Each structure stands twice: as structure tokens, then as C-alpha cells.
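Report on the structure given below.
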Amino acid sequence: MLRKIVNINEDLCDGCGDCVPSCQEGALQIIDGKARLISDLFCDGLGACIGHCPRGAITIEVREAEPYNESKVMETIVKGGPNVIKAHLEHLIEHNEMDYFQEAINYLSANGIENPIKNKNASKVPQSCGCPGAKEMSFEIQEESGNESGSRQSQLRQWPVQLHLVSPFANYFQNSDLLLAADCCAYAYGDFHKDFMKSKSLAIACPKLDRNQDIYFEKLVSMIQNSNLRSITVLVMQVPCCTGLFQLAAEAIKESGRDIPLKVVVIGLNGAIIKEQMMN
């Protein structure tokens, strides 16, 4: 696959080793007097090592490379002990790589290893290195008043909203009622903000087209367990592929061990509500 990955100019590299400690994934080693990328699997392409090279020998290029493998990285990371694990997890948070972060947490849990930042709220860690469009924000909603133009105020309380981008530890999920909506619903239902979003946290997803949906399941379980969600409302379209979003939420509640209210609302292709049902 084509992806970003570090490139080391051997003519410029003097083997000082300053880049090695800054690579939290353990992708760099000094071999035969030069910095070497030991495996494509270990390089996340974020370039944390670049600023530590006094010779300017490290750059980021786009080339064919094996996909980054967080589980393989964790096999190496855990050998370094709690401080190395902590540094790696914080590195992922700082770069807003919350899918990899959740995968790392799952690895620790599956192997009976304590999470050294268990009580840290990931949403409070600076994310200036991440994508600006994924920077977490909360919005204050003002009470609506009369409006001669007929326009309505947005009920959006947060950013981001796409399920791959949100952090399950974000403040806006704490003790909230979650609206989990299929992407198309906001376009089909005219009063989406007024009828469904008000006073709710939001996550959107497409159960047919989105990739890596196992991450969605893990995030929902984490939200339920760690953010103490009060309820989940799943909003889907009247098409067979949309049922996957409801099933995802139901399985996440079951896996979490908590019994919280789950409601499903089905929107018809003409924009009308055709079904509302409490599932538990």
C-alpha cells in the first residue's frame, strides 16, 4: 500500500543516534554506524524523529510499504516497561491516532498488562500535531429565540463527530446521551438537529462503506464503560445495510457489561420516521 514513511539519507546520517529515542515505536536502530528503519511495520509515518536529527537526514516520503501494525509495535514496546508504554501511548494521543491508541489499550488488556495512563483523559492532551480537522472542541448551545428568517440554531455540541476521529475519552461523552447516526440520516430528515441532536453527544458512521469497523465496536465499548454513557439512540435509514449500526451498538452494550437504554429510529427514504423502538 502507498503510505507515508520515513526516509533516511545515508550520505547525511552520521550515526549520532539522536533520532532513536524519539521513535516511540522502536522503528529506528543504529546499525553499522547509520540510522536504519528496521521494519515498515513499525513506522507510523508521523515523523517524530525528524526534529531530532541534527543533520537533516530524515524526511517523510510516500511509497509502497507494509501497513503499520500497532499490535506488532506493542510486542516490542511492552518489553521496555511502564515508562516506555506510557511514552508510546502519549505519542499516539498527541498525534490524534485514537484508533491505534485503542488498539494498544486492547493489547495491554488482552495480555494482562496495566495501562500506565488509565486515568488520563485523552481529550485533554494537546493535539497540535494531529489533523486540524480532528481537533476536539465543545460548543455552548444558546437557547433559541424568535427568528424572523425561520432559520434554526445548530445543536452540535462538539467536534469531531465521525466515529473514526472521536476519542472515546473526550469530555463531551462523559455522562452523555449518545446519538449514533448513519451518515445519510442528517440529509434525509429535515429536523435532524431539532428532533435528535439536542442535548446529545454525536457520532456518525456508515455501516456499509466505512472500513475498520472493529475499531467502532471497541470505541463504543470504551465510551459505555469509561465515559459512563447514559443511553444510546441509533438513527438509521430504511436500507438493509444500515441495520449493522444498530447491531454494533447492541453488541457493544452487551460487551461493556452495563445495561443502558438503547433506542433505534428508522428514517424512510422519503425522510419520514417509520419506526421508533426501545430495545431494552
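The values are calculated or read from the model by the stated rules, or taken from the named source; none is laboratory data. All values reported here derive from a predicted model rather than from experimental measurement. Counting neighbours? That spans all protein chains shown, and the Cβs are built from the backbone with ideal geometry, glycine included.
As a summary of the residue check, residue 223 satisfies the conditions (1) without any contact (Cβ under 8 Å) to a residue 40 or more places away in the chain; (2) closer than 17 Å to residue 254 by Cβ; (3) not small (Gly, Ala, Ser) except for the one numbered (1). How many of the residues making up the stretch 244-263 are out of contact with any helix residue (DSSP H, G or I) (no Cβ under 7 Å at 6 or more places or on another chain), among the polar types (S, T, N, Q) and buried (at least 17 other Cβ atoms within 10 Å of the Cβ)? Counting residues in the stretch 244-263 that are out of contact with any helix residue (DSSP H, G or I) (no Cβ under 7 Å at 6 or more places or on another chain), among the polar types (S, T, N, Q) and buried (at least 17 other Cβ atoms within 10 Å of the Cβ) gives 0. Those strands (runs of 3 or more DSSP E) of the stretch 13-78 in which 2 or more residues are surrounded by fewer than 17 Cβ atoms within 10 Å (Cβ to Cβ) and among the aliphatic types (A, V, I, L, M) occupy 28-31, 58-64. In the stretch 13-42, the residues that are on the phi > 0 side of the Ramachandran plot form Cβ pairs under 9 Å with partners that are among the basic types (Lys, Arg) and assigned to a strand (DSSP E or B), at six or more places apart or across chains, as follows: 15/34.
To keep it simple, each residue is scored yes or no on (1) within 24 Å of the chain's Cα centre (by Cα); (2) more than 19 Å from residue 212 (Cβ to Cβ).
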position	(1), (2)
11	no, yes
22	yes, yes
41	yes, no
63	no, yes
71	yes, no
85	yes, yes
99	yes, no
107	yes, no
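One line per residue, one yes/no per condition, for (1) of a type in the set (Val, Ile, Thr); (2) over 19 Å from residue 76 (Cβ atoms):
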position	(1), (2)
5	yes, no
12	no, yes
25	no, no
34	no, yes
38	yes, no
46	no, no
49	no, no
57	no, yes
60	yes, yes
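Scanning the stretch 1-12 for residues that are farther than 17 Å from residue 50 by Cβ and not in a loop (DSSP other than H, G, I, E, B) yields one hit, 2.
Given the residues 216, 187, which is the only one that is without any contact (Cβ under 8 Å) to a residue 12 or more places away in the chain and either surrounded by 20 or more Cβ atoms within 10 Å (Cβ to Cβ) or in the same structural domain as residue 274 (by TED's automatic domain parsing) (or both)? Give the steps one after another, and end with the answer.
Numbers: 216 fails: without any contact (Cβ under 8 Å) to a residue 12 or more places away in the chain.
Only one candidate qualifies: 187.
Residues that are in a loop (DSSP other than H, G, I, E, B) and hydroxyl-bearing (Ser, Thr, Tyr) within the stretch 161-180 comprise 167, 176, listed in sequence order. The residues of the stretch 80-118 that are of a type outside the set (A, V, I, L, M, F, W, C), in a loop (DSSP other than H, G, I, E, B) and more than 16 Å from residue 223 (Cα to Cα), listed by number, are 81, 95, 96, 97, 111, 112, 114, 115, 116.
Going residue by residue through the stretch 159-178, is there one that turns out to be without any contact (Cβ under 8 Å) to a residue 60 or more places away in the chain, acidic (Asp, Glu), closer than 17 Å to residue 210 by Cβ and in contact with a strand residue (DSSP E or B) (Cβ under 7 Å, 6 or more places away or on another chain)? Step through it out loud before you land on a result.
Residues of the stretch 159-178 that are without any contact (Cβ under 8 Å) to a residue 60 or more places away in the chain, as a first pass: 159-163, 169-178.
Subset that is acidic (Asp, Glu): 177.
So of that shortlist, the ones also closer than 17 Å to residue 210 by Cβ come out as none.
No, that holds for no residue.
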